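First comes the structure, then the notes that go with it.
A short reminder: the numbers here are calculations on the coordinates, not readings from a lab. Everything numeric here is computed off the predicted structure, so don't read it as measured data. Positions of Cβ are generated from backbone atoms using ideal geometry, with glycine treated the same way; all protein chains shown enter the neighbour counts.
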Amino acid sequence: MKKNKTRIKIKKRARIVRVARLEEPIRELPGDPREARLARVTTEILRVVGEDPDREGLLKTPQRVAKSWLELTSGYGVDIHKLLNGAIFDSPESDMVMVTGIQFYSLCEHHLLPFHGKCSVAYIPNGKIIGLSKIPRLVEAFTRRLQVQERLTGQIADTIEELLRPQGVAVVMEARHLCMEMRGARSIGSPTKTSAMRGMFRKDSRTRKEFLDLISHDSY
């Protein structure tokens with residue numbers, strides 16, 4: 001199976017560089033005190049759907065689910081400014097910088113089911129650049145929350161715009177939503193695409209087209 005990789009492209013006009021049981025007490029868990037509360041809720045959910053939380057296969061499920069939820073929503077504890085401020089540098093460069101193929105996983109806030117896909121981010125510097133590894137970290141900070149894809153796309157773009165004040169920012173996300181595939185419409189293999197264009201990417205059709213052409217082969 002071909003392994004998907006995040007591809008980082010820095011484009012200078014014609015050149016692209018690839019960089020790569022509620023009733024019963026539950027044992028308090030070490031670490032985050034929220035784990036015990038989440039485990040109690042999970043035990044009750046198991047009962048409500050008709051399962052037996054005391055059968056062998058489910059004995060540790062509440063604790064596992066609790067830890068999983070804290071990991072999947074860890075973005076709420078990330079200070080975005082602290083995450084990025086140590087990696088913003090002065091630079092005279094003014095050519096498009098792109099990071100494409102960023103794999104992400106998030107949870108739909110309407111049904112608490114996953115959606116996952118790829119994200120491409122570009123910006124045109126205006127005196128400042130950001131460490132390339134911080135862009136996937138920014139995406140992760142916002143995806144590790146309860147989300148809707150439309151808002152998520154804008155949050156990434158707005159944060160880069162706020163901190164770098166670039167000439168332009170562009171974000172495109174393509175994802176499969178299990179809330180639409182596993183239930184409801186059961187529309188299998190119908191990815192959702194969203195975009196957020198700021199600055200030159202919104203005003204200049206040639207710049208926007210250049211970006212969209214470069215990511216067109218990165219379909220889900």
query: Gain in length, Glu56 to Ser68, computed as 0.36 nm per residue apart minus the alpha-carbon separation, to one decimal in nm?
result: 2.4 nm
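Mean separation of Cα pairs under 8 Å and 6+ residues apart, divided by the residue count of the stretch 77-220: what relative contact order is that in percent?
Numbers: 270 pairs, mean separation 34.6, N = 144.
Relative contact order of the stretch 77-220: 24 percent.
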- request: List Lys203, Lys118 from most exposed to least, where exposure is judged by having the fewest other Cβ atoms within 10 Å.
  value: Lys203, Lys118
Among (1) 1.16; (2) 1.06; (3) 1.04, the entry derived from the coordinates for Rg/Rh (Cα atoms, Kirkwood Rh): (2)
message: So if each residue of separation counts as 0.36 nm, and I subtract the Cα-Cα distance between Ile88 and His217, what length gain in nm does that give?
response: 43.5 nm
field: Cross-link pairs beyond the 29 Å C-alpha cut-off, checked among Lys128/Lys209; Lys60/Lys193; Lys118/Lys209; Lys60/Lys134; Lys60/Lys82
entry: Lys60/Lys193; Lys60/Lys134; Lys60/Lys82
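Check each of the GluC sites (Glu not before Pro) in the stretch 95-153 and keep only those in coil by DSSP with at most 15 other C-beta atoms within 10 angstrom; list them in order. Walk me through the numbers on the way to the answer.
Details: sites: Glu109, Glu140, Glu150; in loops: Glu109.
For GluC sites (Glu not before Pro) across the stretch 95-153 that sit outside H, G, I, E and B with at most 15 neighbouring Cβ atoms in 10 Å, the list reads Glu109.
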- line: Under 5 Å from the placed amide H of Leu113, counting only residues 5+ away or on other chains, we find Cys108
message: Please list 3J(HN,Hα) in residue order for the stretch 179-188, calculated via the Karplus relation 6.51 cos²θ - 1.76 cosθ + 1.60 where θ = phi - 60°; whole Hz, with x for glycine and proline.
response: 5, 9, 8, 7, 9, x, 5, 6, 8, 7
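Nearest 500 deg cm²/dmol is fine: what mean residue ellipticity at 222 nm does the chain get from its DSSP H runs of n ≥ 4 alone, each adding -39,500 (n - 2.57), divided by its residue count?
Details: 8 runs with 78 residues, N = 220.
About -10500 deg cm²/dmol.
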field: Extension gain, Met182 back to Arg202 (0.36 nm per residue minus Cα-Cα distance, nm)
entry: 3.7 nm
